[in-house]
Amino acid sequence: MTAPAIALRHANLHYASVAFKERSLKALLARLAGRAGARPRVADIHALKDVTLDIPAGSRVGVLGPNGAGKSTLLRAIAGLYPLSSGTLEVSGHVRGLFELGLGFEPEATGRENILYRGLLLGLTPREARAIEAEVVAFADLGEFIDYPVRTYSAGMMVRLAFAITTSVSGEVLLIDEVIGAGDAAFMAKARQRIDDVIARSAILVLASHDFSSLTRLCRRGLVLDHGRVVFDGDIDAAIASYRAAHAIA
């Protein structure tokens with residue numbers, strides 16, 4: 001069996017400018033009718049630039065960089081959600097990404113029904129999704145609301161349910177975009193332990209975060225991104241020091 005691994009070679013990724021053009025029919029009609037001013041041309045965004053990386057089994061990698069540096073793009077490219085414009089990506093092992101927690105919820109369905117729906121989105125079979133139901137219900141601890149439509153949930157309740165579902169399914173390659181905040185202090189303590197358990201079961205962790213304490217606690221290697229380029233790759237403490245110095249962070 002091939003060991004889990006990630007390999008990027010001269011990877012480039014562009015966002016097409018069409019994604020940043022008219023966002024509504026009203027705006028488009030106004031522009032066609034000549035009632036709106038000329039908008040500057042929006043160029044394609046070069047989000048990842050010539051990235052070459054090897055991340056073998058056993059790696060615990062923290063990804064640092066300012067907003068817009070390409071951290072989330074890198075993780076989503078590794079997950080196969082964003083296609084590369086050029087270069088190559090090879091990933092061995094089952095990938096699990098902790099990205100947008102609200103993705104895949106059906107507002108009119110109950111929390112219990114959404115465990116099945118989201119489980120299917122995460123790649124589970126119906127039988128596997130039903131098998132995790134009791135454990136997810138217990139961890140989310142929503143009481144009777146688990147059988148209420150999700151549209152009645154507060155934002156905190158939604159995050160708790162989504163977090164419980166997403167972290168119930170482990171993967172060999174674990175990608176996390178920020179350490180997840182999930183409610184009150186008691187639940188946060190459970191959430192931190194839960195993430196630690198999921199990480200312990202993974203062969204590779206890639207964590208993008210602005211939280212230096214989480215990065216030093218969970219990671220051994222650090223990547224610093226700036227405008228889509230990897231500008232530092234080394235020990236996590238040295239990576240944080242490099243990022244602090246470059247951005248004058250005390």
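Derivation of every value follows stated rules applied to the coordinates shown; laboratory data play no part. Since this is a predicted model, take the numbers as computed values, not measurements. All Cβ positions, glycine included, derive from the backbone under ideal geometry; neighbour counts span all protein chains shown.
Every condition in (1) surrounded by 13 or more Cβ atoms within 10 Å (Cβ to Cβ); (2) more than 30 Å from ASP50 (Cβ to Cβ) is met by ARG96 except one, and the failing one is (2). Residues of region 62-92 that are touching a helix residue (DSSP H, G or I) at 6+ places or on another chain (Cβ under 6 Å) and among the hydrophobic types (A, V, I, L, M, F, W, C): VAL63, LEU64.
For region 140-163, check the following and say yes or no: at least one residue is buried (at least 18 other Cβ atoms within 10 Å of the Cβ) and of a type in the set (D, E, K, R). There is at least one residue in region 140-163 that is buried (at least 18 other Cβ atoms within 10 Å of the Cβ) and of a type in the set (D, E, K, R).
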